[in-house]
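Peer 1: Just dropping this structure here.
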Amino acid sequence: MKLVVAVTGASGSIYAQRLLGQIAKAKEVEECHVVLSQYAPEVAATELGAQGLKIPKGMKLYGDKTMQVPFASGSARFEAMVIVPCSMGMLGRIAHGYSDGTIARSADVFLKEKRKLIVVPRETPWNLVQARNVVTLLEAGAVILPAVPSFYGRPKSVEDVVDTVVARILDHLGVRNELATRWKSKVGEKE
């Protein structure tokens with residue numbers, strides 16, 4: 001599987017960090033390209049410490065102001081793109097076809113080619129414009145997977161909480177993982 005992971009300047013860099021770490025170990029993934037928006041490094045340094053976002057070895061890294069990337073063309077074969085975390089500004093640009101950079105252009109390509117596009121907004125609450133942009137992307141075929149963790153597995157650390165979201169992203173990519181507790185019904189209950 002060939003993937004693109006885009007990281008915007010929205011808060012939630014830890015989601016991207018944990019996802020990239022899992023993708024680096026995944027047998028299903030043969031190639032992963034990473035795109036950082038202009039503000040992603042600054043936010044990552046604030047949230048993750050001075051080292052910022054660590055890109056695993058073997059992953060190709062790009063900025064948001066180049067079209068010299070294979071995945072910005074419909075003729076290149078990539079299976080999926082994840083934007084994590086996705087700012088509402090980026091989500092709005094994608095929803096309205098405003099392809100002003102590598103991330104928005106690539107997302108546009110994934111939508112037009114009917115490839116999997118997973119958008120992970122972290123911002124809350126939403127205003128009406130943002131909600132309508134989310135609906136537009138849903139109608140266009142994107143998977144909207146808000147960074148909303150689950151707690152029934154009783155996470156014990158921030159990483160455990162984050163991993164409940166990362167596990168769902170990996171599930172939607174088709175990447176096996178055991179990051180989070182799976183729901184199990186009690187004996188005698190219907191599943």
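Peer 1: Consider only pairs whose beta carbons are under 6 Å apart and that are at least six residues apart or on different chains; among these, list those whose first residue lies in region 51-74 and is touching a residue at least 12 places away in the same chain (Cβ under 8 Å) and whose second residue is charged (D, E, K, R).
Peer 2: Between residues of region 51-74 that are touching a residue at least 12 places away in the same chain (Cβ under 8 Å) and residues that are charged (D, E, K, R), the close pairs are Ala72/Arg105; Gly74/Glu113.
Peer 1: Yes or no: Leu91 under 20 Å from Ala180 (Cβ atoms) and not β-branched (Val, Ile, Thr)?
Peer 2: When the stated conditions are applied, Leu91 does not pass them.
Peer 1: Restricting the search to region 75-104, which residues are over 23 Å from Asp163 (Cα atoms), under 17 Å from the mean Cα position of the chain (by Cα) and among the acidic types (Asp, Glu)?
Peer 2: none
Peer 1: Within region 46-59, track down each residue that is exposed (fewer than 14 other Cβ atoms within 10 Å of the Cβ) and either within 22 Å of Lys116 (Cα to Cα) or basic (Lys, Arg) (or both).
Peer 2: Within region 46-59, Lys54, Lys57 meet the criteria.
Peer 1: Six or more apart or on different chains, Cβ under 9 Å: which pairs go from a residue in region 117-131 that's surrounded by 11 or more Cβ atoms within 10 Å (Cβ to Cβ) to one that's at pLDDT below 95 and among the acidic types (Asp, Glu)? Could you list them?
Peer 2: These pairs meet every condition: Gln130/Glu123.
Peer 1: Taking Val69, is it surrounded by 20 or more Cβ atoms within 10 Å (Cβ to Cβ) and β-branched (Val, Ile, Thr)?
Peer 2: no
Peer 1: Give the number of residues within region 6-65 that are hydroxyl-bearing (Ser, Thr, Tyr) and part of a loop (DSSP other than H, G, I, E, B).
Peer 2: 4
The values are calculated or read from the model by the stated rules, or taken from the named source; none is laboratory data. This structure is a prediction, so every number in the text was calculated from the model and none was measured. Here Cβ is always computed from backbone atoms with ideal geometry, including for glycine, and neighbour counts include all displayed protein chains.
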